[in-house]
Every structure is written in structure tokens, then in C-alpha cells.
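Asks: Here's a structure for you.
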Amino acid sequence: MASIRQFEDILAWQKGRELARKIYQSTQENAFAKDFALKDQIRRAVISITSNIAEGFERGGNKEFIQFLSHAKGSCGEVRSQLYLAFDAEYLDEETWRQYHNLCLEISRLVDALSRYLRESDQKGRKFVASTTPAKFNDSTQEL
């Protein structure tokens, strides 16, 4: 697996960002924009995908990261379910629905693969790696 130094390096996060952009565009148009309940719910769910990946990564421990990845994967399922509702309400044409649905499935697979990798890893996470440079304190303020 390629080295990941920040959450923006995670392919699932990148794909989630792409999906969020597309969902936001679609929910600004036509009748979808007027269905406040579905529009707001699908936006919250798609936001949750990237937010949970980012927050889990920033926690620094694999167990916490895996938990947040589980939330992100759940949000993918929520978005997929809401995409069916949007399609049934004719807010999305079949081609757009299929594109978004497939992107959700891809994100779910990526998140699942990352979770599996982390579970099988011998490392516990970034916060457990010993620092090679000791923290230095400023004597006057006692701040890092």
C-alpha cells in the first residue's frame, strides 16, 4: 500500500470528495432542490463519508480509524439508499444514478479494503510510533 501521510492521500477520501461534489451539483437542480428533506439528508450522508475518513485518520490509532471507517462505509450505504429514492422520484436520470451508485460501491470497497489492511497490520497506528525527535518546550510559556 502506498504511503499515506495525510487523509487527502486516501483514495476513498478522494472518491468521496468527488461524489460529494456531484451530489451537491445534482441537488441544486430542478425538483431535487425543492425536496428539502431528501436533499438535506443525502448531503449530510455524503459529507459524513469524507468527514469520517478524515477524522478517523487524524485520531492516529488504527482501532479508532477502523471505527470511523465503519461509519464512513455506513454513510455510503445511506447515500446509495437515498439515490434510489432520488431516482424513483425522477430527480436523477438512469445514467446519473448509475454513475453515483457505482461510485458509492467503489468507495465502500476502498473503505473496506483499508479497514481490512489496518486490522491485519502489526502497527497500532501513527500515534504509537516513537518520535525520532523529542518535543522541545519553551521554558517561558511551557508550550510545545
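Asks: If you go through segment 32-60 one residue at a time, how many are more than 10 Å from the chain's Cα centre (by Cα), in a helix (DSSP H, G or I) and not hydrophobic (A, V, I, L, M, F, W, C)?
Replies: Counting residues in segment 32-60 that are more than 10 Å from the chain's Cα centre (by Cα), in a helix (DSSP H, G or I) and not hydrophobic (A, V, I, L, M, F, W, C) gives 8.
Asks: Is there a residue being surrounded by fewer than 14 Cβ atoms within 10 Å (Cβ to Cβ), within 30 Å of Asp122 (Cβ to Cβ), within 17 Å of the chain's Cα centre (by Cα) and touching a residue at least 24 places away in the same chain (Cβ under 8 Å) anywhere in segment 15-31?
Replies: no
Asks: Quick check: anything in segment 67-76 over 19 Å from Arg119 (Cβ atoms) and part of a helix (DSSP H, G or I)?
Replies: Yes, segment 67-76 contains a residue that is over 19 Å from Arg119 (Cβ atoms) and part of a helix (DSSP H, G or I).
Asks: Residue pairs, Cβ under 6 Å, 6 or more apart or interchain, first in segment 74-99 and closer than 15 Å to Asn30 by Cα, second exposed (fewer than 13 other Cβ atoms within 10 Å of the Cβ) and hydrophobic (A, V, I, L, M, F, W, C). List them.
Replies: If the second residue must be exposed (fewer than 13 other Cβ atoms within 10 Å of the Cβ) and hydrophobic (A, V, I, L, M, F, W, C), the pairs left are Tyr91/Ala31.
Asks: What about Ala20, is it among the hydrophobic types (A, V, I, L, M, F, W, C), within 19 Å of Thr96 (Cα to Cα), in a helix (DSSP H, G or I) and at pLDDT 95 or above?
Replies: So Ala20 passes the test.
Asks: Where residues in segment 1-14 are in contact (Cβ under 8 Å) with a residue 60 or more places away in the chain and either part of a helix (DSSP H, G or I) or polar (S, T, N, Q) (or both), which of them is nearest to Ile66 (Cα to Cα)?
Replies: Going through the qualifying residues, I end up with Ala12.
Asks: Tally the residues that are crowded, with 17+ Cβ neighbours inside 10 Å, among the acidic types (Asp, Glu) and closer than 17 Å to Gly125 by Cα, restricting the search to segment 56-107.
Replies: Summing the residues that are crowded, with 17+ Cβ neighbours inside 10 Å, among the acidic types (Asp, Glu) and closer than 17 Å to Gly125 by Cα in segment 56-107 gives 0.
Asks: Hey, another quick one. Applying the selection to segment 48-75, what residues are of a type in the set (Lys, Arg) and over 19 Å from Ser3 (Cβ atoms)?
Replies: Those that are of a type in the set (Lys, Arg) and over 19 Å from Ser3 (Cβ atoms): Lys63, Lys73.
The values are calculated or read from the model by the stated rules, or taken from the named source; none is laboratory data. Only a predicted model underlies this, so the values are computations on that prediction, with no experimental measurement involved. Note that we place each Cβ from the backbone using ideal geometry, even for glycine, and neighbour counts take in every protein chain shown.
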